[in-house]
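> I have a structure I would like to understand better, so I am pasting it below and will then ask my questions one at a time.
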Amino acid sequence: MLVNQEQLLQAIWETVVMVGVSLIFSFFIGLVLGVLLVVTRKGHLLENQIIFTILNAGINIFRSIPFIILMVAVIPFTRLIVGTSIGTAAAIVPMILFAGPYIARLIENSLLEVDQGVIEAAQAMGATPWQIMTRFLLPEALSSLLLGITIATIGLVGASAMAGAVGGGGLGDLAITYGYQRFDTVVMLLTVGILIIMVQGLQSLGNYLARRVRRR
Amino acid sequence: MIRTSLLIVAKLDLWQLFHMEQLPYKAILSEKEWGIGSMIIFDQVTKIYEGKGHSVKALQNVDLQVKKGEIYGVIGFSGAGKSSLIRCVNALERPSSGRVIVDGKNLLQLTAKEVREAKRNIGMIFQHFNLLHSKTVFTNVAMPLLVAKRPKEEVRKRVLELLAFVGLEDKANSYPDQLSGGQKQRVGIARALVTNPKVLLCDEATSALDPETTKAILQLLKQVNQAYGVTILMITHEMSAIREICDQVAVLDQGKIVESGSVFQVFSKPKTAIAAKFVRSVMNDHIPESIYALLREQREDRHIYRIVFVGNSAGEPLLSQVAKTYTVDVNILYGSITELQGIPFGNLIVQFSGAEKEMKRALLHIHQQKVTVKEVLADVS
Ligand SMILES: Nc1ncnc2c1ncn2[C@@H]1O[C@H](COP(=O)(O)OP(=O)(O)O)[C@@H](O)[C@H]1O
Ligand SMILES: [Mg+2]
């Protein structure tokens, strides 16, 4: 094996950082966009055709760009923000742009799943739109939201591996540079194995949390 | 003399019958008179849903007044516009024209903040309960107060008081999905009443429940009306719910109120075919086949009538009086009795025999008592 334990741990850490940091940012972006997508639609709390149409189209455009192309396309923007276009920090920018709109759709979906009757009851008791969102819709959607976030996190693990291929560091980088380019099968299997364990672990954690808040 | 095969003797409560004669539903009253004692007033309310290419007229010029302290029922088939009607009361829906006044206020003329306050004066319960699955029973009931930012201690006290009222003290920490349908509706009722509203709106509140539970929930609503003096407007497609607790009833058909009046009035003398249909759905007045057979061999000196009585069993029975006063034989062929708000509501098929002249006099006497008498002969075949 061409890689020592330290390099392996370093790569795992880089992956965790990339996924963690981009998840936090893309979650907040996704939350805001997702909530807006729901409340501005026709017949909803703050109906606004213009905002809805713009958001809806914008998110679709972002979501239709393959991650590998997105990474390259946003290089000038990345440079503007983090000062460089290579490395872990630079990989995080396209990852956020990739996951934000995705999470927005997942959150939109979870919120729309909540029974319309809950909104009706909230409106009947004189709740403000803000209260309806924070005290009724989001808590009711929490379980389904957690499952959505889990899916998005797993998507980010995949994206981080791809980002590694273009110099982002992390497990993907390790697998490409040693496993693929230098024919080290052991490193290849090891990184893939670690990625599988990560994904499995995240899914189990997500399922567990979703079940805990569900109470049905 | 009377040969009573069935001993159903109903007293004719004259006073009650006279007072049953309510205003016709299209009565034109001045606005001033309208307001007196009214809690909810619909004034020429029309609701049109605009769709792509077509529009649905859900309500057409609805006039309706619900008096303070009353239980008012609106009945109609699915799609008649009942939900649209009730949702106009708490501004969940906006009338296309006309106005709705609740406790002296037109919600659409208030500021957003005033509307939210006014809504605390109007509780609402739903067919599918609309509870929060992610919150405990306690928090569900507390929600209207939390939304109104009331102090914690007040919230706790009030919620526990209402949970006791609906009989769910021991379920405060349960989740809605651990409750039965009837218990969920009790939570809904507690939640609706927690802000101490003057009005309670019930949108098909018992339609998702079995008959036993329905009875219990209706009794609870009656108790709400009596204990807290809450005015109740309920909509339903089940006449049994109306019979059970309502004082007044209106029949809604294709967005129009086609008939309205006291429950006694509508049940005893439905004016429209649709009202009669609803009444028949709960009043067991189908005449047995054996009696139809009798009717077919009707003779000149015998006539068969349906008499509808309202009243209680004490007092002078009308039929025995008739039999004593006139030389006619009175034979009760069939009788059924239904209770309407604790007062018996009788339905008799009676055969009179005797001289033509005497029978006419007897009938006239009965007519003067304001009971509904119909010759059933016409119904045959
Ligand atoms: N939001 C809506 N948009 C369009 N049409 C509606 C809407 N709500 C109700 N309707 C229509 O209005 C009519 C009356 O509906 P509704 O008030 O729900 O009747 P009910 O409660 O008596 O079944 C129906 O034809 C229904 O399809
Ligand atoms: Mg309805």
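The values are calculated or read from the model by the stated rules, or taken from the named source; none is laboratory data. As the structure is a prediction and not an experimental result, all values here were calculated from the model. Methodologically, a virtual Cβ is constructed for each residue, glycine included, from the backbone with ideal geometry; neighbour enumeration extends over all protein chains shown. We work out accessible area using only protein heavy atoms, side chains counted, and drop any ligands, DNA or RNA first. Shrake-Rupley method; radii C 1.70, N 1.55, O 1.52, S 1.80 Å.
> Quick one: B:Gln178 ticks every box in (1) more than 10 Å from every other protein chain (Cβ to nearest Cβ); (2) over 21 Å from B:Glu117 (Cα atoms) except a single one, so which number is it?
It fails just one condition, (1).
> To continue, here is another question. Can you confirm whether B:Thr213 is outside any loop (DSSP other than H, G, I, E, B), open to solvent by less than 40 Å² (accessible area, probe 1.4 Å) and free of Cβ contacts under 8 Å to residues at least 60 places away in the same chain?
So B:Thr213 passes the test.
> Something else: Residues that are within 14 Å of chain A (Cβ to nearest Cβ), within 15 Å of ligand 1 (Cβ to nearest atom) and among the charged types (D, E, K, R): does segment B:57-72 have at least one?
no
> Going through segment B:196-216 one residue at a time, which ones are more than 16 Å from ligand 2 (Cβ to nearest atom), more than 17 Å from B:Leu233 (Cβ to Cβ) and out of contact with any Phe, Trp or Tyr (no Cβ under 9 Å at 6 or more places or on another chain)?
Scanning segment B:196-216 gives B:Asp210, B:Pro211, B:Glu212, B:Thr213, B:Thr214, B:Lys215, B:Ala216.
> Evaluate the following for B:Asp203: is it of a type in the set (D, E, K, R), over 28 Å from A:Val213 (Cα atoms) and touching a helix residue (DSSP H, G or I) at 6+ places or on another chain (Cβ under 6 Å)?
yes
A quick yes/no check of all residues on (1) of a type in the set (Phe, Trp, Tyr); (2) within 20 Å of B:Lys277 (Cβ to Cβ); (3) more than 15 Å from ligand 2 (Cβ to nearest atom):
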residue: B:Phe42; (1), (2), (3): yes, no, yes
residue: B:Lys47; (1), (2), (3): no, no, no
residue: B:Gly53; (1), (2), (3): no, no, yes
residue: B:Ala58; (1), (2), (3): no, no, no
residue: B:Gln65; (1), (2), (3): no, no, yes
residue: B:Lys68; (1), (2), (3): no, no, yes
residue: B:Gly73; (1), (2), (3): no, yes, no
residue: B:Ala80; (1), (2), (3): no, yes, no
residue: B:Ser83; (1), (2), (3): no, no, no
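> Next question. Kindly list the number of the only condition in (1) in a helix (DSSP H, G or I); (2) over 21 Å from the mean Cα position of the chain (by Cα); (3) within 30 Å of B:Arg150 (Cα to Cα) that fails for A:Gly126.
(1)
> In segment B:84-137, what residues are within 16 Å of ligand 1 (Cβ to nearest atom) and acidic (Asp, Glu)?
Across segment B:84-137, the qualifying residue is only B:Glu93.
> What do you reckon, is B:Val100 more than 16 Å from ligand 2 (Cβ to nearest atom) and either in contact with a helix residue (DSSP H, G or I) (Cβ under 6 Å, 6 or more places away or on another chain) or without any contact (Cβ under 8 Å) to a residue 24 or more places away in the chain (or both)?
Judged against the criteria, B:Val100 is not a match.
> Checking the condition modelled with pLDDT of 80 or more and surrounded by fewer than 18 Cβ atoms within 10 Å (Cβ to Cβ), which residue from B:Ala378, B:Ala323, B:Ala276, B:Ala362 passes?
After applying the criteria, what remains is B:Ala276.
> Sticking with this structure for a sec: Would you please name the residue that is nearest to the other protein chains (Cβ to nearest Cβ), looking only at residues in segment B:98-143 that are crowded, with 19+ Cβ neighbours inside 10 Å and assigned to a strand (DSSP E or B)?
B:Met124
> Right, another one. Scan segment A:187-210 and give yes if some residue there is open to solvent by less than 40 Å² (accessible area, probe 1.4 Å), at positive phi and more than 14 Å from every other protein chain (Cβ to nearest Cβ), otherwise no.
no
> Turning to a different aspect of this structure: Just a yes or no: is a residue in segment B:187-197 within 12 Å of chain A (Cβ to nearest Cβ), away from ligand 1 (no atom under 16 Å from the Cβ) and among the hydroxyl-bearing types (Ser, Thr, Tyr)?
Yes: one or more hits.
> Name the residues in segment B:144-157 that are within 14 Å of chain A (Cβ to nearest Cβ) and assigned to a helix (DSSP H, G or I), would you?
Correct list: B:Pro144, B:Leu145, B:Leu146, B:Val147, B:Val155.
> Let me ask something else. Tell me, please, whether a residue that is under 17 Å from B:Thr231 (Cα atoms) and charged (D, E, K, R) can be found in segment B:160-179.
No, that holds for no residue.
> Quick one: is B:Gly167 at positive phi, within 22 Å of the chain's Cα centre (by Cα) and away from ligand 1 (no atom under 16 Å from the Cβ)?
no
> Counting only residues that are within 17 Å of B:Val249 (Cα to Cα) and away from ligand 1 (no atom under 16 Å from the Cβ), which one in segment B:199-210 is surrounded by the fewest Cβ atoms within 10 Å (Cβ to Cβ)?
B:Val199
> Can you tell me which residue among A:Leu138, A:Leu156, A:Leu80 is away from chain B (no Cβ under 14 Å) and surrounded by fewer than 22 Cβ atoms within 10 Å (Cβ to Cβ)?
Criteria check complete, one pass: A:Leu80.
> Being outside the structural domain of B:Asp210 (by TED's automatic domain parsing), charged (D, E, K, R) and open to solvent by 60 Å² or more (accessible area, probe 1.4 Å) narrows it down to one of B:Lys171, B:Lys152, so name that one.
B:Lys152
> Any idea how many residues of segment A:25-50 are among the aliphatic types (A, V, I, L, M) and either under 18 Å from A:Ala161 (Cα atoms) or open to solvent by less than 70 Å² (accessible area, probe 1.4 Å) (or both)?
8
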